[in-house]
Structures are given as structure tokens and as C-alpha cells.
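All remarks here apply to the structure that follows.
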Amino acid sequence: MNVPAAWYLILAAVLFGVGSFGLLTRRSALIMFMCVELMLNAVNLTFVTFSRTLSDIGGQASVFFVMVVAAAEVTVGLGIVVSIFRRRSSTSVDELSELKG
Amino acid sequence: MIGATYALASILVFVTAALLILVGAVGVITLKNPVHSALSLIMTLFGVAVAFVAQGADFLAAVEIIVYAGAIVVLFLFVIMFLGVDRKEHVHVEPLVGQRAFAAVGVVVTVGGLITLMARSHWVTGAMSVSTKGVALASGQDNVKQLGTAVFTTYLFAFEATAVLLVIAVVGAVLLARRERALQSEEVEVEA
Amino acid sequence: MAHFATLILLLPLVGYLAVLLNGRSMNESQVGYVATGVVGLSFVASVISFVLLLHQHTREVTVQLFTWISVGTLHVPAALLVDPLSITMCLFVTGISTLIHLYSIGYMHGERDYRKFFLYLNLFVFSMLTLVLANNLVLTFVGWEGVGVCSYWLVSFYFDRDSAATAGKKAFLYNRVGDVGLLLAMFLLFSHTHTLTYLSIFHRAGTLSPTIATLTVLALLLAATGKSAQIPLFNWLPDAMEGPTPVSALIHAATMVTAGVYLLVRMSPVLALSSSGRMTIAVIGGVTAFVAATIATSQKDIKKVLAFSTVSQIGYMVLAVGVGAYSAAIFLMVCHAFFKALLFLGSGSVIHSLNGEQDMRKMGGLQKYLPLTFPTFLIGWLAISGIPPFAGFWSKGDVLTNVFAHNKILWILAVLTAILTAYYMSRLFILTFRGTERFREETHGHDPHESPWVMTTPLVVLAVLSVLGGVLDLPWIHHDSLAGFLAPTFGYVAPTVAATTLAQWGLAAVDVCAAVIGLFAAFTIWRGISESPRFESSFFEHVWHWDDFYDATIGRPLERVAVFSDAVIEDKVIDGGVMGLAVGVSHSAEGVRKIQSGFVRHYALATALGVAVIVVYLVARVG
């Protein structure tokens, strides 16, 4: 028998937790992006697990699209990071606090 | 769940995948050098690909490696090198008060809650999804065929939409990168 | 009949509107004659209505103008009641008003606000006629308020004088306090008889319980004391002398101040139900008459003496109403209008000739300079003192006779008042017209001049009326007299004095003696002097310190309340509350603002914690 789906789901949940902790804790924009990728992957894992459990190809199709969107997102996001870096010479997000108050 | 016996192979595969994923993830969030973090990310992605294969999503495992590990992480490395931020970040100092504590609490609660939800809900009935009309999930080559059919028929609109999204993303990236140079060249033309 | 009655009421209004709209293009004399003309025509209409009424079988004609209020059980028409009482009032109101309008053309000549004066006078006459001709309490109240407002405007006519402005306010405020009484009476009557029309009230008056009747009567008395300047609301009248003299003559002698007495007389069927109410009325009247007479003995200003004299004479009228002698009260009202208006206009003539001097200590010896004012004033003086055969003797005598029949103590008080009346009026006469000439300083050596014909003609007419006025109600004529004419309107007719003719002659003799004593005393004391501290008590001069009493008990405490309200309630409580709320919001916003730290990671943390909360909730729901 295969390993029950629940184990993979727990794994995905933990991966998601690690990713979000990193997102909240690290200051560099690039590292934060990577943590977002971790979270997306956790979601992908969950989708695939359910796809197997429910025998529905739709789960895998969703993962497909998630990957496409993640790629597009990274493209534009890194472009923004580059633009900001040109002005400030630092990727720390703590410096982008002009919307305060 | 734990009491039952499972095939040894699948347990091993699971453990491998889990180790790769978790070690890589922890590496991403703790390593000081961004380049090292990127390499850890690759390790995680490999682990995820292994998990995909174990679940029978062969095509997706391939795509994961090619697109995610091969293109996206490489793009990350490009930018890291381009910006020259491969210096170390002061990880041990946290300027925002209470951020780490609250973050830890929030994350633990969320993950714990998700796991509890999963434990307590009764979704493991073994029933198959209705939308596929009882067709079982194929594996191997048939997986590619089945996935392709689904994407190009049932989810065609989403497919087209993501195509448009990619075009937009490219245009956006080009614009973002170009802006300053265009202004500079205009100023030069005015002076001359 | 209906048309003439409506004309009586509307002509002054037409005059008012004509001057209001065209005033700028009319010159002085046009304004004056238009205003006088409409009131004169109104008088003619009154006479015609009077004649027509005499030929009516039922002496009670209701003229419906239009439906005014009709809500549920409350029906208040805009209608006129033409009956003997209202016609009598109309006649003397319009008549005397015409004479005073004519007089004002001369008196107010050259004044800056000439047109405004006639506007207000016409509006006043219109309001007074509304008051008198109304067939229900609400329309009367409209007229009541109208005369109050016009009185305010006219008293503070010289508004750039502080004292005049204050006097206007005082008059209006005292009137308003009295109005509460009229409103209360209306509420009481409506809640028990469900109607406010006079005739209907009188029909249903029998259904009122004694307590309600007494309360209504006391409420009406309060209204009357406010409007007619009786105790306790009388001290506005002397201050109202700040207005021009024609105003004092018209409003504060002949017409507005009689409105209170008119109201009480009109409501006689209700008064009939409450003997304690009537006793209160009588006591108030008698006491006021006496107190006012004592005050008048010590006043230095000629108009103030006449003002207190008015209060005193109205006290007589109220006393007569209190003992049930309604026609005697009306008789005195009419005669009083004649001679008091005469005295006021005469004093106006004197003041005019001395270029505005009103202090009697600076008059004297004017007899030979004012050949028309002097004899007419003399007639007025004799009339008010009660010397036969002038009008005052008959009218005052009628009142005193009736009082004697009901209450000996009040009669004694009334006789004492009569002595004082004769005394102070004689004092006024002597100080003004006889004795040494003390006015040379004021007129810079010039002789005082007589007034023009527009001013002296009314004096002459009023003098004639003061002489002949007694004819209206001679004691031995019962049917064709004023009393006989008015009798049907009163629900309660005082039993004709059961005294024998001997008693009547005796009482008449007492009246004459009182008058003569007063005259004699005055001539003795005031021979050749202009001031006498012994006989001019400061207590009387300061109105028995009544104003000070009100100031100390009502004025100052209210002022303190106002200051307190401003400093504490306004500043701290209300402002504090409202501002405090605003400041509180502002401060809390300052605090809340800190959430927007600008740090992306804080926002992300917030989102993560939100997710955690949702997950916990879901767990709680599932588990």
C-alpha cells in the first residue's frame, strides 16, 4: 500500500509554515521571494496529493497553471526589485517604509 | 494510520522527499548568503519533484525541474549577481520588535490548525471525484495525455488567460528595466 | 352689516399696506392724512354698524371671514362677533385713534421716522380691532399679541436711546408673562368645553367645575394684569413713557391697557362661576388703584404721573369687574379714554411747547402762553378728579356705588384712592400751569408757543367729550343707557344697587367730598413751591421699590443662572462633550495611526495572524 495521503499533506503544511516564517522574518527582498516560492510549492504538493486521492486530473492542471503564474510573477517581481535597488542600493524591505502614518 | 503496514519503497521515497524538502526549506530561511539560499531552494524543489513522481504526477515533476529549478531559480541567481547583493545579511539582528515571536506563534498555530483540521475531518472516504466521470488517474505516458487533454479542453480558457498573462509579464519586465535609460536618452537629445 | 363690520377691521390694514408699499414716494403730510383717513373711515363704519345693530332683533351678529383652523375637534374660524360690547369698544377705539392720528401729524412733524410711526400706529389699530371683534379666544390672542408687538415697537421708537430700547423690552416681557395666563385659560377651556368660540363657551360654561372655573379665572386675571398693568405686572407702564406722547395717549391710556379689562368683561359668564376668582380680581384691582395713586403723588415727570394715574384708574375698572359691575367698568373705560387721552395729549402739547422738557420742576406759569391747551387740560383735570358734572364723576361714581354694595373695605380703599387722585392731579396742574415760571432756562428766554391746529383740535374734541361723557350712563336712566345697551352680553348682571335713592345721594356726596379734599390739600401744600421732600416720599417715588424687588428676586438670580450656564454648562459640559468627543476621536486616531508603520513585514505579519485566526475558527467549527 502506498503511503497515506495524509503524510504528504502534513509535509506540505509544514513546508508552508516554514515558508511563511521565512517571509515574515527575513529582510532581503530576494529571500522573501524565495520563501514565497516555498509556499507555492507547498500548495502544489497539496494539489497533487488531492488529485491522486480523488482521481481528478484537475488538481494537476491547477498545479500547471500555478507554475505558469509563479513564473510570470517572479519575472515582474524581480523587475520591480531591480528598479527599487537602482534608487536605494539596498534590498532590505524595511527601508521601504514611506507609507507610514 | 500508523498501525497499518505500507510498502517499504513508498516509505523510503516519502522520507527522502521529506528530508530534501525540509532541509532545503530551513536552509532557505536561515542561510545568510542569498546565493546559498538559492541553492537550498533548488534542493527543496528536487524534493518536491520526487514527491510529485511518488504521487504519479510525472509530467509535473518534469516541469517542476525544468521551469522552477531550471529557469526561475536561475533568474533569481542572475538578479542576485546583477545587483551584487551576495553579501551577508545580518540575520541575528531583528529591528522590528516582537516580529519573530509573533511570526512563530502565528505559523505554529496555522500549521497546527491545518493538521488538526485534516485529522478531524472525514474526507478520506475513498470516493472518486465526480467531474472525471469515474475515469481513474493514469500514470506514466498516459498521465501526460490525460493532463494535456484536460488543459486543452476543460481548462482551455484558463490556459489562454495564462498565455496572455505571460505576455503581460514580459512587457512589464521590459518596461521596468528600461525606464531610466529612456529618460536619460531624452535628456541627451534635448541638450544636443 | 357684515360688510361694514369687515370694513371696520380691514381699513387700518389697508392704510398700513398703502404706507408700507408706497411710503417712499409719499411725503410727510400724505402719509399722515392717509393713515388718519383710514382710521377715520373705520370710525364711520363703526358708527354705521352700531346703528345697524340697534335695529337688529338679536344683538349678536357673527361675521364669518374664513375657516382658519379645523383639526379634529378643534375648530377655530376667523370670524367676527358684532355685539354691543364689541361695538362699544370699536367706537371708542377708532374714534380716539382718529383724533390721536390727527394729533400725531403735528407732534411728529419733522421726525426722522415719521412714516414708520404711522405704519406702526395703523398696525396697532388693526390689531386692537382684531382683539375686540374676534369671536373666539384664538383670534383675540392674535390681536393681543399684535398690540403687544406694536407697543414694543412704538415704545422703543427712539431706539438709539438705551432707556427707550430697554423700556420696549420690559413692556414686551411683562406682556409675555401675562400671555401665559391667557394660554393657560385657553387650554383649560378647550379641554373642558372643547371649543374656543365665545358663544359656545358661554353655552357650555355651566359644565365647568368650580375648581376649573376658578383656575381659568385666575389665568385670565394673570393675562389681564400683564396687558393692563396691574399688580404684579404693572411696572412696565411707567417705563413705556419713553415712547412719543401720542403713543402714550393711544396705547397706554385709551386702548391697549384696556384690553385686559375687555377680556375679563367678555368672559363674564365664566367669571360668574367662581366667586373666589372674582374676589381675587376685586382685591387686585383695589390694591393696585391705591398703590399706584400713592406713587403718582411723588413723581416729578409729568408723563410718569399720568402713567401711574392710568394704572390706578384701570385698577378701578378691574375692581368693578371683580364685584360684577361690568357695565360700570366699561363706562369708566370709555370716559377714562376721553379724559386720559386728553390729559396725555395736553401734556404732549406742553412738552412740545417747552422743546421736550418733561420735568414738572422746570415748568410753571404756562397758563398765559397756551390759550387752547390750558382750558382743555383744565377740563381733563376736573374730569379725572371726579368733580361733577364732568364725565369722571358719573363713571367713577358708578363704580364706587357698586363696590359699596359688595364690599365695604374695598370701598373705603377706593375712596381713599379717589382723594389721592384728586390730590396728585391737582398737584400736576398747579406745577405745570400755575405758579412761577421755571422754564426760562430751557427755552433760552423765548416764550412757549401754542401748538398747531392739528394738535389742538383733538384736544378740543376730547374736552367736549369729557364734559358730556357722563350722559352715557346717568344713574337714573336705566334702559337707554350704556348699561342697558350692554346688559345682554353679560351672563351675570350685578343686581342693581338695592340702595335707596338716599344712599345713592349719600355716596355721591362722599365722592364729591373726596375730590374736594384732594384739590384743597394740593392747593394748600403746593402754593408757590415746586418741590417738597416732606410730601414727596422717596419710597413712593421709587414705585415702592417694586422694580428693585423684582430685580433682586428674579433678575439677579436668573442672571447668575445665565452666567453659570455659560461658564459651566456651555463651556464645560456641552463644549466639553462635543469637543471632547472630537478630541477623543482625534487622539484615538493618533494611536491607531501607529498600526500603519510602513513596514511590509508588519503588514505581512498581520495577514499571517489573520490566517491563523481563520484556521482556529475552522478548527473550532469542525471539532
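A few points about this structure:
- Residues located in the stretch A:50-60, provided they are under 18 Å from the mean Cα position of the chain (by Cα) and more than 7 Å from chain B (Cβ to nearest Cβ): A:59
- Each residue in the stretch C:553-612 was checked for being aromatic (Phe, Trp, Tyr) and under 30 Å from residue B:102 (Cα atoms), and 2 of them qualify.
- Filtering the stretch C:25-54 to residues that are free of Cβ contacts under 8 Å to residues at least 12 places away in the same chain and of a type outside the set (Gly, Ala, Ser) leaves C:27, C:30, C:44, C:51, C:54.
- Apart from one condition, residue B:85 fits all of (1) assigned to a helix (DSSP H, G or I); (2) modelled with pLDDT under 95; the exception is (1).
- From the list C:216, C:280, C:211, the one residue that fits, being assigned to a helix (DSSP H, G or I), out of contact with any His (no Cβ under 6 Å at 6 or more places or on another chain) and buried (at least 23 other Cβ atoms within 10 Å of the Cβ), is C:216.
- Out of C:193, C:207, one residue alone is touching a Lys or Arg at 6+ places or on another chain (Cβ under 8 Å), among the hydroxyl-bearing types (Ser, Thr, Tyr) and more than 24 Å from residue C:89 (Cα to Cα). It is C:193.
- Condition broken by residue C:159, with the remaining ones in (1) in a loop (DSSP other than H, G, I, E, B); (2) closer than 30 Å to residue C:71 by Cβ satisfied: (2)
- Filter pass, residue C:514 being touching a helix residue (DSSP H, G or I) at 6+ places or on another chain (Cβ under 6 Å) and within 14 Å of chain A (Cβ to nearest Cβ): no
- Of all residues in the stretch C:581-597, one or more are within 14 Å of chain A (Cβ to nearest Cβ), surrounded by 12 or more Cβ atoms within 10 Å (Cβ to Cβ) and not in a helix (DSSP H, G or I).
- Enumeration of residues in the stretch C:219-250 that are of a type outside the set (A, V, I, L, M) and assigned to a helix (DSSP H, G or I): C:225, C:226, C:227, C:228, C:236, C:238, C:239, C:242, C:245, C:246, C:248
- Single residue of A:68, A:76, A:63 found to be over 30 Å from residue B:115 (Cβ atoms), more than 13 Å from chain C (Cβ to nearest Cβ) and touching a helix residue (DSSP H, G or I) at 6+ places or on another chain (Cβ under 6 Å): A:76
- Failed item, numbered, when residue C:180 is tested on (1) surrounded by fewer than 17 Cβ atoms within 10 Å (Cβ to Cβ); (2) out of contact with any Gly (no Cβ under 9 Å at 6 or more places or on another chain); (3) closer than 23 Å to residue C:68 by Cα: (2)
- Taken over the stretch B:17-66, the criterion of being among the hydroxyl-bearing types (Ser, Thr, Tyr) and more than 7 Å from chain A (Cβ to nearest Cβ) is satisfied by B:30, B:40.
- Scanning the stretch A:5-47 for residues being in contact (Cβ under 8 Å) with a residue 40 or more places away in the chain, within 14 Å of residue B:55 (Cα to Cα) and at the interface with chain B (Cβ under 7 Å from one of its Cβ atoms) gives a total of 2.
- Matching helices (runs of 4 or more DSSP H) fully within the stretch B:96-192 where at least 2 residues are within 14 Å of chain C (Cβ to nearest Cβ), at pLDDT below 90 and touching a Gly at 6+ places or on another chain (Cβ under 9 Å): B:99-120
Conditions (1) of a type in the set (A, V, I, L, M, F, W, C); (2) surrounded by fewer than 19 Cβ atoms within 10 Å (Cβ to Cβ); (3) more than 24 Å from residue B:63 (Cα to Cα), marked per residue:
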position: A:10; (1), (2), (3): yes, yes, no
position: A:30; (1), (2), (3): yes, no, no
position: A:35; (1), (2), (3): yes, no, no
position: A:64; (1), (2), (3): yes, no, no
position: A:96; (1), (2), (3): yes, yes, yes
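- Within the stretch C:1-107, helices (runs of 4 or more DSSP H) holding 3 or more residues that are of a type in the set (S, T, N, Q): C:28-54, C:84-107
The values are calculated or read from the model by the stated rules, or taken from the named source; none is laboratory data. Remember, it's a predicted structure, so these values are computed and weren't measured experimentally. Glycine also receives a Cβ, built like all others from the backbone with ideal geometry; neighbour counts cover every protein chain displayed.
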